[in-house]
Amino acid sequence: MTDTVQDLQRLAASGRVPAPEVMAARARRWGWWYYVEYWLRTAKAWFQSILIYMVGEPLLYLVALGVGLGTLVDNGVGTVDGVPYLVFVAPALLISTVVMSTGGELTYPVMAGFKWDRLYYGPHATPVTPAQIATGHLIGVLIRFVVQSLIFWAIMVAFDAVPRGVLVSALVIPIGVLSAAAFGALLQAYASTLQDEGYQFAFVQRFVIMPMFLFAGTFFPLSAMPVYLHWVGWISPVWHGTQLARQVTYGAVEPAWLTVVHVLFLLALTVVGVLWARRSYTRRMGS
């Protein structure tokens, strides 16, 4: 028996069930949050697997790339951007792994909601609107990324990879979530437009997500790349998020105007993605 069924039975037994019009009014107002709650309850089924992933991934990355490769870099060329390689690469790994995780949460699950499992259509049969379903799905995923960023940051602290201290470096958590939202909202909107999944998601993974991971300043400064490849970083949420993360973890120096550009770029992508997804969900579920 699911937790939801048990909650409904307890509510019915209490005699405090609101009138239908009251429940409908609440759904029209708070439908997005009801869908977030549904998503979180569903995620409990695979929470253990997610937790292992969220702990294991940063440990593997930081040991292999930060400590292992970092030792070679430090012994060879010395510091990178004035800090040891572990300190340089750790915030970038946090941002890139959180952004890459959107590929698993906002592609196939979105397709399943419309076509395979059709899980979106149950809430749609209530006063909850398609736009609220789109928003609720995204927020539910972002709550997971809050936890993922928090765990990654805590492991960075344990590896002594945050010279600016615990309080300031904790800002890397909202930066990671914002970076994931900037790319994830667009990915969710794109996935909602697909009627069938051929190779579109594999294409996104190989030719969008992977190049962002490799060429958006994660492992080396963007300035180290040829000028004709700098555009990969400029249009990538990973690079903008990484630059902000490096500022709060070890004090990377950038002009104030560029910091503002990073924030505005990520916010703009998030807003565009959310609006696109809400419109796409409404159009598709209303047809």
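Any read-out appearing in this document is the output of simple, stated calculations on the displayed coordinates, not a laboratory observation. These numbers come from a predicted model, not from an experiment. Ideal geometry is used to build each Cβ from the backbone, glycine not excepted, and the neighbour counts take in all protein chains shown.
Details
- Length gained on full extension, Asn75 to Tyr53, computed as 0.36 nm times the residue gap minus the Cα-Cα distance: 4.8 nm.
- Ellipsoid equivalent to the range 214-287 - semi-axes via the Cα gyration tensor, in Å: 31, 15, 10
- Largest GNM mean-square fluctuation among Val162, Val80, Val110, using the chain with Cα springs under 10 Å: Val80.
- For the chain, a Kirkwood hydrodynamic radius built from all Cα pairs, placed in the Stokes-Einstein relation at 10 °C and 1.306 mPa s, yields a translational diffusion coefficient of 78 µm²/s.
- In percent, rounded to a whole number, the relative contact order of the chain is 26, using alpha-carbon pairs under 8 Å and six or more apart.
- Only DSSP H runs of four or more residues enter the estimate; each adds -39500 (n - 2.57), and after division by the residues of the chain the mean residue ellipticity at 222 nm equals -22500 deg cm²/dmol.
- Net lengthening on full extension, Arg284/Lys115 (0.36 nm per residue, minus Cα-Cα): 59.7 nm
- Efficiency of FRET between Asp160 and Ala125 - r from beta-carbon atoms, R0 41 angstrom, step 0.05: 0.20
- Fluctuation leader among Val177, Val146, Val166 - the chain, Gaussian network, Cα springs under 10 angstrom: Val166
- Simple rule: put +1 on each Lys or Arg Cβ and -1 on each Asp or Glu Cβ in the range 31-285, find the dipole, and look at Ala252, Gly56, Ala185; the Cα lying farthest toward the positive end is Ala185.
- Unit Cα scatterers, Debye sum, the range 38-147: log10 I(q)/I(0) for q = 0.15, 0.19, 0.20, 0.21 Å⁻¹: -0.75, -0.98, -1.04, -1.11
- Computed over the chain with a Gaussian network model linking Cα atoms closer than 10 Å, the most mobile of Leu275, Leu229, Leu40 is Leu229.
- Efficiency of FRET between Trp30 and Ile235 - r from beta-carbon atoms, R0 51 angstrom, step 0.05: 0.90
- Each label point was placed 7 Å from the Cα along the Cα-to-Cβ direction; for Leu264 and Asp196 their separation is 4.4 nm.
- With one equal scatterer per alpha carbon and no solvent term, the Debye-computed log10 I(q)/I(0) for the range 162-287 at 0.17, 0.18, 0.22 1/Å reads -0.94, -1.01, -1.29.
- Calculated FRET efficiency, Val147 to Gln205, Cβ-Cβ distance, R0 = 41 Å: about 0.95 to the nearest 0.05.
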